[in-house]
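See structure below.
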Amino acid sequence: MSGAVYLDYNATAPVRPEVARGMVDRLAEPGNPSSVHGFGRGARAALDQARVRVAALVGATPERVVFTAGGTEANNLALHGPGAGRRLVSAVEHVSVGDAAAACVGGSEVVPVDAEGRVDAAALDVLLSAGDGSGSFCVMAANNETGVIQPVAELAARAREAGFRVHCDAVQAAGRVALDMKALGVESLALSAHKIGGPTGVGALVLGEEGEPEPLIVGGGQEHGRRAGTENVAGIVGFGIAAELAGAELDRMDEIAALRDSVEYRLRAACPELVVFGDGAPRLANTSCLAMPGLANETQIMAFDLEGVALSAGSACSSGKVGPSHVLAAMGVAPELAGEAIRVSLGWASTQADTDRFVDVWRALHARAQGRRPAA
Ligand code: PLP
């Protein structure tokens, strides 16, 4: 859609041109990385290079990167299997974590968050100390709907002290904030290529120095026996390139933050009762989840779409419909207000012209909605 403004990077980022070129070049070569001939060795070398690049993005050891078919699979791989003990899951996790944990034998227990969407550390301590002191705790690095960043290192330290392993879904945080696995103190980290300008359908579970996941897919020795099946070589190559570029551009996040902050400033000037969810907590620089009083989010999204501006309600589900947000509900947001929340998310190709256009359309919509609202 040429001429359209894309503000939905948390759903998926546009593929970076360098990624597309690298993938096309790789696709032009045959080669199964398990083959011993030269073509196979070429594919293997390409995988190894991508593994180094992805590991570097999160300060991990390349041999501990397990390529998967996306963030959802990475989260499932981390969580499924018999595993020891209880499973504690923050209330704002992505469904791929929440549902995977709930499906495990013994189910899961939810760790509440405060009104800004941060994990309630006191409630976590209570949950950690109930039971026999073993299990796992899942906490995301940053939320896909609000951008709220969790203090993962601090929460992980509490969990480890209580004998719990920690899995962190870093799908939205990677490439947007600096991440170092060792500093975070987590046993595993989920990543997804398409949030950072790589292709969809590629991700990784990055493991810490110890521990092995229970394979989800068996039937071959690929990925050190942790994930069977011939690797998606071109996709993984694209992921590697995207990871390297995203890591090198982390300092551009200040520019992105300035664009986002300017949007919120201008909307507040037009509408003092604007609600920005999670704005009292540290947030990803690229994300703004905001409620326009008086207009349902589904109506807003369609109106923006008609004006050539693409964005989401954070809670869009796979059917394309807007569902109730479990994230905003966990933050104690009333259903009516949550139903007015849209998410603007920026990224590597976002410009001032994009955000200016968004603000113009938002103001026009808001003025129309005001006109329609019944007098108080
Ligand atoms: N975790 C978070 C926080 C996400 O936002 C998403 C996707 O939106 C996923 C996991 C799933 O990743 P993928 O789309 O690669 O399966």
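Here are some notes:
- Residue match in region 198-206 (condition: away from the ligand (no atom under 13 Å from the Cβ), within 13 Å of Gly70 (Cα to Cα), crowded, with 22+ Cβ neighbours inside 10 Å and at pLDDT 95 or above): yes
- Of all the numbered requirements in (1) modelled with pLDDT of 95 or more; (2) in a loop (DSSP other than H, G, I, E, B); (3) of a type outside the set (Val, Ile, Thr), Glu209 misses one, and that requirement is (1).
- Check on Gly294, at positive phi and assigned to a loop (DSSP other than H, G, I, E, B): yes
- Scanning region 121-153 for residues that are of a type in the set (Ser, Thr, Tyr) and within 16 Å of the ligand (Cβ to nearest atom) gives a single hit, Thr146.
- Residues in region 207-240 that are open to solvent by 30 Å² or more (accessible area, probe 1.4 Å) and within 20 Å of Val177 (Cα to Cα): 0 in all.
- Every pair of residues 6+ apart whose Cβ atoms lie under 6 Å, when the first sits in region 237-266 and is in contact (Cβ under 8 Å) with a residue 60 or more places away in the chain while the second is open to solvent by 30 Å² or more (accessible area, probe 1.4 Å) and of a type in the set (Lys, Arg): Val237/Arg26; Gly240/Arg53; Ala243/Arg53; Glu244/Arg53
- Gly107 surrounded by fewer than 18 Cβ atoms within 10 Å (Cβ to Cβ) and either in a helix (DSSP H, G or I) or away from the ligand (no atom under 15 Å from the Cβ) (or both): yes
- Top-ranked residue of region 160-177 - restricted to ones that are among the aliphatic types (A, V, I, L, M) and not in a strand (DSSP E or B), ranked as nearest to the ligand (Cβ to nearest atom): Val171
- Selection from region 78-100 of residues that are of a type outside the set (A, V, I, L, M) and open to solvent by 30 Å² or more (accessible area, probe 1.4 Å): His80, Pro82, Gly83, Gly85, Arg86, His94, Asp99
- If you go through region 124-159 and keep only what is farther than 17 Å from Gln172 by Cβ, touching a strand residue (DSSP E or B) at 6+ places or on another chain (Cβ under 6 Å) and part of a helix (DSSP H, G or I), you end up with Leu124, Leu127, Ala156, Ala159.
- Identity of the residue in region 53-77, within 9 Å of the ligand (Cβ to nearest atom) and within 16 Å of Glu214 (Cα to Cα), that ends up most open to solvent (accessible area, probe 1.4 Å): Thr72
- Residues in region 180-197 that are part of a loop (DSSP other than H, G, I, E, B) and either open to solvent by less than 20 Å² (accessible area, probe 1.4 Å) or assigned by TED's automatic domain parsing to the domain that holds Ser350 (or both): 4 in all.
- Scope region 320-373; condition within 24 Å of Ala174 (Cβ to Cβ) and exposed (fewer than 15 other Cβ atoms within 10 Å of the Cβ); matching residues: Ala349, Thr351
- Within region 26-68, the residues that satisfy the criterion of being farther than 14 Å from Ala204 by Cα, without any contact (Cβ under 8 Å) to a residue 60 or more places away in the chain and of a type outside the set (Phe, Trp, Tyr) are Ala28, Glu29, Pro30, Ser35, Val36, His37, Gly38, Gly40, Arg41, Gly42, Arg44, Ala45.
- When the criteria are applied in full, Gly31 meets the requirement of being under 18 Å from Gln222 (Cβ atoms) and at pLDDT below 95.
- Failed condition for Arg118, given (1) within 16 Å of the ligand (Cβ to nearest atom); (2) under 26 Å from His80 (Cβ atoms): (2)
- Condition check for Glu29: within 19 Å of Ile236 (Cα to Cα), assigned to a loop (DSSP other than H, G, I, E, B) and acidic (Asp, Glu): yes
- In region 220-231, the residues that are assigned to a helix (DSSP H, G or I) form Cβ pairs under 8 Å with partners that are surrounded by 13 or more Cβ atoms within 10 Å (Cβ to Cβ), at six or more places apart or across chains, as follows: Glu223/Val66; Glu223/Phe67; Glu223/Glu231; His224/Val66; Gly225/Pro215.
- Any chance Glu244 is acidic (Asp, Glu) and assigned to a loop (DSSP other than H, G, I, E, B): no
- Matching residues in region 178-197 - criterion: being within 15 Å of the ligand (Cβ to nearest atom) and more than 22 Å from Ser34 (Cβ to Cβ): Leu179, Val186, Ser188, Leu189, Ala190, Leu191, Ser192, His194, Lys195, Ile196, Gly197
The values are calculated or read from the model by the stated rules, or taken from the named source; none is laboratory data. Just so we're clear, the structure is a prediction, and the values are computed from it rather than from any experiment. In this analysis, Cβ positions are derived from the backbone assuming ideal geometry, glycine residues included, and neighbour counts consider all displayed protein chains. Just the protein is used for accessible areas: all its heavy atoms, side chains included, with ligands, DNA and RNA removed. Shrake-Rupley method; radii C 1.70, N 1.55, O 1.52, S 1.80 Å.
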